[in-house]
Amino acid sequence: MKFTVLGLVLGLSLALVGCTDEKKPSTQQVAGDIPAGKAFAERECKGCHGLDGKGAAPAIPHLAAQREHYLIAALDAYKDGKRTHAALKDMAKQMTEADVRNISAFYARLPPVASAPEKNAQQGSPYEQGKTLAAACAKCHGEDGNSQSPGTPGLAGQQPRYFVTALQEYLAGERKKSPMHPMLPGLSRFDMENLALYFASQTPVKRPAPSSGDAVAGEPLTAVCGGCHGSHGVSTDTATPSLAGQDAQYLLDAIKAYRTTRKRESMRVYVTGLSDKDIENIAAYYSVQAAKASEKGQTIVKDLTDKCARCHSADVDNPAMAVPKINGQDRDYLVMALRAYRDDRRESTTMHKMSLPYGDSIIESVASFYASQPAK
Ligand code: HEC
Ligand code: HEC
Ligand code: HEC
Ligand code: HEC
């Protein structure tokens, strides 16, 4: 009985493999009929993609000069439901294999769309924008985020996602109102991300030992903290704050705040059992640990696009992998696609998810970079 079931399953999967094997080469080997593709485009695609392959409105991708095998793969992905755009899915389902081949041959052979430099003009880098905004914070948080007045946290090297969360907690009233931050409501989400990137990229300076608290007595008490806050308080998780090199008075206040005003159960459970003396010692310990920058915001966009070039460089066409050309693509479409990868709304066989753990402000810069490259 078992053998029969196994045989059935094996037979079935072999049949499936056989089926896909047959289908793929047939789409790629038979040359597309360009006039037929053009006629089809005239009827079905022109309104959005034009007969010149230029997206008719922002966020509609250019198809002109796109790689033929990528166009075929993309239409198959809509057909199979791997890509979920409703209109495209319906259209792709209606198309025969020959239609897909013909239309792909037609669009792939059109000359590339000329890019619109004024629209795609590189927005200032997220880091530089953060730096400009950070001038308003220097009075209290210090030059480059190295604070000097007791009770005011250092921001240099702080993890960027945590940083944005912290600002939102002040805005939402989930943290005690401080004398600071009347300017917070005026900051956009982008501003916050840019500030976070700027401060994360600054080098924290070493703090002198605080006048109260015993760092040696504090160390063993931090054994339980390291799992989240990192070894010696240097966090490696973008959403968890670094504690190393932080102002001791601020650490003290913050830890106590989790017993009262700050509503974070995940933190509260670890600090409720601590005595005031313990907290003072923990604060002393963390404040003298060596800290470091958590991002390299100065070069982050270039570092990222260097990685993307491995697959997306205009000169590399890997026949085994349907990689789209993205130089000169519509900027809004690129933003949309990158967000879809990041948020798991578009299936990706590649490293997109890994290379884009970032906020919208970096995604927009990467998109601007590619949109402003000449298409080939
Ligand atoms: C109503 C407007 C509209 C029409 C009509 C339309 N498209 Fe699209 N097309 C879009 C939009 C919007 C996207 C981006 C969808 C997404 O995010 O997946 C897209 C994406 C695509 C893609 C994927 C491009 C890429 O870079 O991944 C291909 C290929 C495509 N369309 C081909 C066609 C073809 C062929 C037709 C005609 C049969 C057609 N489209 C008709 C709006 C349209
Ligand atoms: C008037 C002084 C002052 C100014 C100006 C100021 N801050 Fe603050 N900031 C503080 C103080 C004090 C705290 C600690 C409040 C508390 O106990 O929660 C703080 C806390 C923070 C925190 C939380 C840090 C952490 O580790 O949780 C962030 C993030 C922050 N500020 C960002 C900024 C930014 C960005 C600006 C400039 C746009 C700014 N601050 C301007 C005084 C200031
Ligand atoms: C399960 C993971 C976890 C553990 C264990 C943990 N923390 Fe935290 N801690 C967090 C997270 C997440 C935050 C940010 C919470 C928020 O947004 O307010 C945080 C925030 C803090 C802050 C505020 C930092 C700032 O800049 O305002 C301090 C101080 C802190 N933790 C100290 C400790 C200490 C001391 C221990 C050990 C006794 C500890 N934590 C254990 C996850 C943890
Ligand atoms: C390992 C090769 C590889 C790397 C590295 C890579 N990509 Fe891709 N990329 C692909 C492939 C293959 C596709 C098409 C299939 C898919 O959706 O996964 C794609 C699709 C895309 C698309 C969608 C384009 C369209 O027309 O829909 C964008 C945008 C993109 N990549 C940007 C990037 C960026 C930005 C990076 C660097 C942070 C990057 N990629 C790194 C292989 C790669």
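Read-outs: derived from the displayed coordinates by stated rules, not from any lab. What you see is a predicted model; the values in this text were computed from it and never measured. Counting neighbours? That spans all protein chains shown, and the Cβs are built from the backbone with ideal geometry, glycine included.
A compact table of results
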quantity	calculated
Residues Asp52 and Glu347, FRET efficiency given R0 of 30 Å [Cβ-Cβ distance, rounded to 0.05]	0.50
Cα shape, the range 240-337, gyration tensor, a/c 1.5 rule	prolate
Of every Cα-Cα pair in the range 31-113, the percent that sits beyond 22 Å	12
Order of Ile103, Ile34, Ile300 under a 10 Å beta carbon neighbour criterion, fewest first	Ile34, Ile300, Ile103
Degrees separating the helix 97-108 axis from the principal Cα axis of the chain, which is the longest one	70
At 0.890 mPa s and 25 °C, Stokes diffusion of the chain via Kirkwood alpha-carbon radius, µm² per second	101
Net charge contributed by nearby residues that have their C-beta within less than 14 Å of Thr165 (K/R +1, D/E -1)	+2
Mean ellipticity per residue at 222 nm, deg cm²/dmol - from DSSP H runs of n ≥ 4 across the chain, formula -39500 (n - 2.57)	-15000 deg cm²/dmol
His141, His62, His232 arranged by Cβ crowding within 10 Å, fewest neighbours leading	His232, His141, His62
The range 247-355: Lys pairs at Cα distance under 28 angstrom, eight or more positions apart or on different chains	16
Amide hydrogen neighbours beyond the local backbone of Gly151, cut-off 5 Å, H modeled	Gln249, Tyr250
Highest-MSF residue in the chain out of Thr238, Thr261, Thr152 [GNM, Cα springs under 10 Å]	Thr261
Around Asp247: net Lys/Arg minus Asp/Glu count, Cβ-Cβ under 13 Å	+1
Degrees between helix 68-79 axis and first principal axis of the chain (Cα, 0 to 90, nearest 10)	80
Relative exposure of Asp76, Asp315, Asp344, judged by other C-beta atoms within 10 Å (fewest first)	Asp315, Asp344, Asp76
Volume of the Cα convex hull of the range 66-159, divided per residue and given in Å³	183
Listed residues Asp90, Asp144, Asp247, most fluctuating in the chain (Gaussian network, C-alpha, under 10 Å)	Asp90
Nearest-ten-degree value, helix 34-44 long axis tilted from longest Cα axis of the chain	60
Environment charge of Tyr270, counting only residues whose C-beta is closer than 15 Å and scoring Lys/Arg +1, Asp/Glu -1	+4
Mean-position separation - Cα centroids, the range 84-107 and the range 227-278, in angstrom	54
Qualifying aspartates and glutamates (Cα of each under 15 Å from Cα of Lys54; at least 8 residues distant if same chain)	Glu42, Glu44, Asp330, Asp332
Rg to Rh quotient for the range 164-285, alpha carbon positions, Kirkwood Rh	0.96
Lysine pair count for the range 84-224 [Cα-Cα under 25 Å; pairs on different chains or 8 or more apart]	7
